[in-house]
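For reference, the structure is listed below as structure tokens.
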Amino acid sequence: MADNLIEIRDVSVARGNRVLFSDVNLDIPRGSVTAIMGPSGCGKTTLLRLIGGQLRASSGTVLVEGQDVGRISRQDMFALRRRMGMLFQSGALFTDLSVYENVAFPLRVHTSLPESMIRDLVLMKLDAVGLRGARELMPSELSGGMSRRAALARAIILDPELIIYDEPFAGQDPISMGMLASLIARLNKALGLTTIIVSHDVDETAAIADYIHVIADGAIRGQGPTEQVINSEDPRVQQFVRGLPDGPVPFHYPAEPLLADLGLESHA
Amino acid sequence: MIDYLQRLGASGLATLQTLGRATVLWWQAMTCAPDWRNGPGLLARQLYFVGVYSLLIIVVSGLFIGMVLSLQGYTVLVRFGAAEALGQLVSLSLLRELGPVVAALLFAGRAGSAMTAEIGLMKATEQLAAMEMIGVDPLRRVIRPRLLAGMLAMPVLAQIFNVVAIWGAVMVGVHWLGVDAGSFWSNMQNVVDFDEDVINGVIKSFVFGAVITWIAVHQGYDVVPTSEGIAAATTRTVVYSSLAVLALDFLLTAVMFGVD
């Protein structure tokens, strides 16, 4: 059996009467870059929240480092989260702190390192994301790409074993998209991280991912090494990978026929 | 008819669920292990935000309420030749009722709404989720300092309100309308009982402070993370906490000063 950092077994999630996904099985091998892809609203972010323990599955188990995140205590959960880093879609920098203080925040709350060492660590991580010169700025003064990079520095400051990216490429210009993609790949190699990327940007993600899982209609439709998934026969995967406007995922939101809706059917 | 009953039941259940979530939030925030390293600093910061920033509106409103109370009291009392009782009238109504209640209503509008908007926006921009993922419990770091600050700041603000209002009453009653200063003050001293009037007022404002921040924090934490959601939650904070303050004031008054 491969060495998996995360094992998701038969997980179902329902919100009210709506089933987001059912019986999902997913393994994330240690040290790999694994991408979870799928159309918007398919429950990708929900899957991340399951791994981060911010949401509980209706059934099934989510094992992180062999611990069932649905069943461990609140305290153990917080201890486990210190070993994960997460980059949120918006960056989620604390708006009342400067870039420097944002990156230093995890160190200040979890360690009692002297200020000089905190400074060295923060500057090193900021240098890795190219924002050493922006340390005195407030989050409101950063561009979208910059705040995501600053948040990335914050996510890796405690040297986590697992780092999760929630839509790192959404709404980025090509330059910062390329910058982020190369950063993600470099960090994964340099720090030996296990990386999870949730994204719907096929090209950027496929370029850096070792494994891809495609979620659509509440289930995993394609799973495996990147090459294999990209060339998959499954029509849902094909539609997603090629970006076809119509297919198994219909262009139209479910509705009654147009003529009936316009009140023309009876005259026809 | 059945439909109506169903909707009534559903809204009743929803209300109970909200109340349950709010209670769990309060309980978890107040019972998690104290944070001796960062806790005092965070509390001081919140005390500054809810306390010091509310001072201006508390002082100005207190001054005017004291002045108006004195003016109105005088016009009635002087008809019975009892203008000397002005000190008694002003001090009792302020210490027992107006001080705690009006200060609490102002506090709800000034500090409660700001608290809801701040926490709501932190939730909408995923800052709370990010904090959780960093391994910091937002209940401990964000919610508890605010709850404590509200409980501590409100009694102090209410007493400041009282002091300023009595001073305003003296300006109007004694310096302007000419009530004898000696009888104004001695009447006040004779009738005000420390336990009965001052302490009861402090207890009231403590309860109001706790309830207002509880509502504000819960509305922020439970917000629908959109612009409309935050606007609605902020409005609800002010409305609910004002109503809660008025209703609780009646209850507390009945317990404290009720006819035996």
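The values are calculated or read from the model by the stated rules, or taken from the named source; none is laboratory data. None of these values were measured; they are calculated from a predicted model. Ideal geometry is used to build each Cβ from the backbone, glycine not excepted, and the neighbour counts take in all protein chains shown.
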Note to self: Under 7 Å between Cβ atoms, which residue pairs at least 6 apart in sequence (or on different chains) link something in the stretch B:232-260 that is in contact (Cβ under 8 Å) with a residue 60 or more places away in the chain with a partner that is surrounded by fewer than 18 Cβ atoms within 10 Å (Cβ to Cβ) and of a type in the set (Gly, Ala, Ser)?
What the structure shows: B:Val238/B:Gly109
Notebook entry, point to check: In the stretch A:201-219, what count of residues is obtained for those that are modelled with pLDDT of 80 or more and not in a strand (DSSP E or B)?
Noted result: 10
Item checked: Residues located in the stretch A:90-135, provided they are over 17 Å from A:Leu158 (Cβ atoms), surrounded by 16 or more Cβ atoms within 10 Å (Cβ to Cβ) and of a type in the set (S, T, N, Q) -> A:Ser90, A:Ser98
Checklist line | Residue satisfying all of: in the stretch A:58-90; in a loop (DSSP other than H, G, I, E, B) and either of a type in the set (Phe, Trp, Tyr) or facing chain B (nearest Cβ under 8 Å) (or both); farthest from A:Val198 (Cα to Cα) among these | finding: A:Arg82
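Table: residues versus (1) within 14 Å of chain A (Cβ to nearest Cβ); (2) of a type outside the set (Lys, Arg); (3) surrounded by fewer than 23 Cβ atoms within 10 Å (Cβ to Cβ).
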| position | (1), (2), (3) |
| --- | --- |
| B:Val142 | yes, yes, no |
| B:Arg146 | yes, no, no |
| B:Ala149 | no, yes, no |
| B:Ala153 | no, yes, no |
| B:Gln159 | no, yes, yes |
| B:Trp167 | no, yes, yes |
| B:Val170 | no, yes, yes |
| B:Gly173 | no, yes, no |
Item checked: Hits in the stretch A:138-151 - residues which are surrounded by fewer than 17 Cβ atoms within 10 Å (Cβ to Cβ) and under 21 Å from A:Ile175 (Cα atoms) -> A:Ser140, A:Glu141, A:Ser143, A:Gly144
Check: Given the residues B:Ala14, B:Ala33, which is the only one that is closer than 27 Å to B:Asp222 by Cβ and outside any helix (DSSP H, G or I)?
Finding: B:Ala33
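Kindly indicate whether A:Arg154 is surrounded by 19 or more Cβ atoms within 10 Å (Cβ to Cβ), part of a helix (DSSP H, G or I) and touching a residue at least 40 places away in the same chain (Cβ under 8 Å). Can you show your working first?
Numbers: surrounded by 19 or more Cβ atoms within 10 Å (Cβ to Cβ): yes; part of a helix (DSSP H, G or I): yes; touching a residue at least 40 places away in the same chain (Cβ under 8 Å): yes.
Yes; evaluated as a whole, the condition is true for this residue.
To keep it simple, each residue is scored yes or no on (1) farther than 21 Å from A:Pro29 by Cα; (2) part of a strand (DSSP E or B); (3) of a type in the set (A, V, I, L, M).
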position: A:Gly171; (1), (2), (3): yes, no, no
position: A:Arg221; (1), (2), (3): no, yes, no
position: A:Gln228; (1), (2), (3): no, no, no
position: A:Gly247; (1), (2), (3): yes, no, no
position: A:His252; (1), (2), (3): yes, no, no
position: A:Glu256; (1), (2), (3): yes, no, no
